[in-house]
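K.L.:
This structure is in structure tokens; I'll ask about it shortly.
Taken together, the values in this text are just the output of simple stated rules run on the coordinates, not laboratory data. Here the structure is a predicted model, which is why all the values come from computation and not from measurement. Neighbour counts are summed over all protein chains in view; Cβ atoms, including those assigned to glycine, are modelled from backbone coordinates with ideal geometry.
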Amino acid sequence: MKSTQKYVAEFIGTLVLVTVGCGTAMLVGCDAANGSGYLLTALAFGLSIVAMAYCVGNISGCHINPAVSLGVLMTGGMSVSEFVGYVIAQLLGGLGGAILLAAIFGLGGVTDMTGGFGSNGLAGVNGSAVAGILVEVVLTFIFVMTILGVTSKKAAHGSFGGLVIGLSLTFVHILGIGLTGTSVNPARSIGPAILAAVNGNAAPLGSLWVFIVAPLIGAALAAVVYRYLEAE
């Protein structure tokens, strides 16, 4: 498979994830008084992964997340140059998804219930960057460990790998939405934060570094632990 095709697949997958996941959050809102909004948003992100896993998974592996790509890189599943290409494609896809949401919501006049294109924040942890980092590291660790296990050559998951991965993303969202909005994916966080700032809400940019650094730390820890567990 040519690298260009893999990069285009990663761009499309990340664009869909941000458009559907963040778009659902924008529509239904994510606050403690509206628990159904939590669940709908969690399902939107998880089902986006399921759809893309069976759509582009056979082309690029459907990482659509720099943290996942880092985990795959550290476990020997891709080269450094391929990793760089994947991350660039994912970041562009995340930005493209946010731009698409700006067009949809702007043209339709639909209210953004999140106030920031579904961007992540620290309001649920009382503005604590330390707590936010802890939440994102733990949730990303769980998510990436699941992916590494499901995609291992030793795994006996048949054709259900994409479903398992999508459900695991739903799983971590159910806890994380009320705390940080759940990133576990820098590309998912960067695009909406940029568009929110362009739209006059610069607040998400202030804590954006948390949602870049913490998922990468969580993914790196997952890769180290998984390599140890799988070693013979």
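K.L.:
Per residue of the stretch 22-30, in order, report the coupling 6.51 cos²θ - 1.76 cosθ + 1.60 (Karplus, θ = phi - 60°) as ³J(HN,Hα) in whole Hz, putting x for Gly and Pro.
P.N.:
Once rounded to whole Hz, the list reads 5, x, 5, 4, 4, 6, 9, x, 9.
K.L.:
Pop out the ³J(HN,Hα) list for the stretch 193-205 in order, Karplus 6.51 cos²θ - 1.76 cosθ + 1.60 with θ = phi - 60°, rounded to Hz; leave Gly and Pro as x.
P.N.:
Here the 3J(HN,Hα) series is 5, 5, 5, 4, 5, 4, 7, x, 10, 8, 3, x, 5 Hz.
K.L.:
Scan around G61 for amide H atoms under 5 Å from its own, H built in the peptide plane at 1.01 Å from N, and keep only partners 5 or more places away or cross-chain.
P.N.:
Residues meeting the amide H criterion: none.
K.L.:
Would you pull out the residues with amide H under 5 Å of S152's amide H, same chain only if 5 or more places away, H placed 1.01 Å from N?
P.N.:
It is none; the list stays empty.
K.L.:
Now for a different question. Stick to Cα atoms and the Kirkwood definition of Rh, then tell me Rg/Rh for the chain.
P.N.:
On the way: Rg = 16.4 Å, Rh = 17.2 Å.
In the chain, Rg relative to Rh is 0.95.
K.L.:
Given the C-alpha centroids of the stretch 53-114 and the stretch 168-230, what is the distance between them in whole angstrom?
P.N.:
The two parts, judged by their Cα centres, are 12 Å apart.
K.L.:
Here's another thing I want to ask about it. Which order, highest average first, do 60-69, 134-143, 197-206 follow once you tally other Cβ atoms within 10 Å for each residue and take the mean per peptide? Before the final figure, lay out the partial values.
P.N.:
On the way: 60-69: 28.2, 134-143: 23.7, 197-206: 15.3.
Going by the mean number of other Cβ atoms within 10 Å, highest first, we get 60-69, 134-143, 197-206.
K.L.:
Would you mind putting 17-26, 183-192 in packing order, based on average other-beta-carbon counts within 10 Å, highest first?
P.N.:
183-192, 17-26
K.L.:
Would you mind computing, in nm to one decimal, how far apart the modelled labels at S128 and V198 are, each placed 7 Å from Cα along Cα→Cβ?
P.N.:
In this crude label model, S128 to V198 measures out at 3.5 nm.
K.L.:
Sticking with this one: Determine ³J(HN,Hα), in whole Hz, for all residues of the stretch 88-104 in sequence, where each value follows from phi through the Karplus function 6.51 cos²θ - 1.76 cosθ + 1.60 and θ = phi - 60°; x replaces Gly and Pro.
P.N.:
4, 4, 5, 5, 5, x, x, 5, x, x, 5, 5, 4, 5, 4, 5, 4
K.L.:
Go ahead and estimate [θ] at 222 nm for the chain from helices alone: -39,500 (n - 2.57) per DSSP H run with n ≥ 4, summed, over the residue count, rounded to 500.
P.N.:
-23000 deg cm²/dmol
K.L.:
Here is a follow-up. Output the relative contact order of the chain, whole-number percent, from Cα pairs under 8 angstrom with separation of 6+ residues.
P.N.:
Details: 407 pairs, mean separation 71.4, N = 232.
Relative contact order comes out at 31 percent.
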